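To keep things clear, I will list the structure first and then write my remarks on it.
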Amino acid sequence: MGLLKEGINEVIAVTRDNAAPIGITSRNGALSMVLFKGSHTEANIRRDGWVVAHVTHDPVVWVRTAFEDLPVDAFVPVEAGGLTVQRLAACEAWAAFAATIEHETVETYFVALEPLAGEVLDPAVHPHNRGFAGIIEATVHATRYVRSRDPALKALIDHHLAIVQKCGGPREREAAALLEEYII
Ligand SMILES: Cc1cc2nc3c(=O)[nH]c(=O)nc-3n(C[C@H](O)[C@H](O)[C@H](O)COP(=O)(O)O)c2cc1C
């Protein structure tokens, strides 16, 4: 499947009625995820054995799914490899995977992925925008900051949100305002 590139692909990962930003690693043709224990994504994969990765450039979706659930009408059923899985109704592309938890550490599970099906729905291209990139960076740090309240993480969040204000459009600034609310 051509959707994912060598390295770590940041995607919106959908499991049953759940969405969260997750990194999918592609190395020498093998696809995998490392999931921190305790997430809904991990519990759902353990139960159902599938995950659907999404490409979306809507910054608000990245922030919202990192901290809370989407409404049920955000998901639509789709057939993939003989399974009925779910994808985001609004996305640019999706790819469904059979997901197997292969081993664990104290804090994480290693999940191997096998492609089932996928589709590009919107072939629009996106010039690089530092505001959008800043939302992704700030949100990664924010998911850790809400647990640790580490001031070093807050400084990183502030750094990236300043770039969002300078380089982003209205949707990136909306996402930044939402992120500020989640980390209060
Ligand atoms: C860009 C980005 C990448 C992330 N990658 C991962 C990851 O690879 N593994 C993981 O466990 N959490 C990752 N997270 C954090 C999860 O999205 C976060 O813990 C989320 O609340 C999990 O949601 P869930 O409980 O609905 O699964 C990432 C967050 C962001 C913003």
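The values are calculated or read from the model by the stated rules, or taken from the named source; none is laboratory data. Since the model is a prediction, treat every value here as computed from it, not as a measurement. Positions of Cβ are backbone-derived with ideal geometry, glycine not excepted, and every protein chain shown enters the neighbour counts. The accessibility values were calculated without ligands, DNA or RNA, using every heavy atom of the protein model including side chains. Shrake-Rupley method; radii C 1.70, N 1.55, O 1.52, S 1.80 Å.
A few notes on this one:
- Net charge contributed by nearby residues that have their C-beta within less than 13 Å of Trp94 (K/R +1, D/E -1): -3
- Helix axis angle, 130-148 relative to the chain longest principal axis, alpha carbon, degrees: 80 degrees
- Farthest toward positive dipole pole in the range 1-128 [+1 Lys/Arg, -1 Asp/Glu at C-beta], among Gly2, Pro59, Val120: Gly2
- At q = 0.14, 0.25, 0.31 Å⁻¹, base-10 log of I(q)/I(0) for the range 130-182 (Debye sum, equal scatterers on each alpha carbon): -0.29, -0.86, -1.20
- For the range 38-184: rounded, prolate or oblate by the Cα gyration tensor [a/c cutoff 1.5]: oblate
- Separation in nanometres of the label points that stand 7 Å from Cα toward Cβ, at Val72 and Ile8: 3.5 nm
- The chain, accessible area per residue, ligands and nucleic acids excluded (1.4 Å, Å²): 52 Å²
- The separation of the range 14-63 from the range 114-184, counted between C-alpha centres, amounts to 17 Å.
- Estimated from helices alone, the mean residue ellipticity of the chain at 222 nm is -11500 deg cm²/dmol (sum of -39500 (n - 2.57) over DSSP H runs with n ≥ 4, per residue).
- Count Lys and Arg as plus one, Asp and Glu as minus one, and take only other residues whose Cβ is under 12 Å from that of Val55; the net charge is then -3.
- Accessible carbon and sulfur surface of the chain relative to its total accessible area, %, 1.4 Å: 55 percent
- Simple label model, 7 Å out from Cα along Cβ direction - Arg47 to Gln165, nm: 4.2 nm
- You can think of it this way: the chain between Leu83 and Glu180 has 31.1 nm of extra reach, that is 0.36 nm per residue less the Cα-Cα gap.
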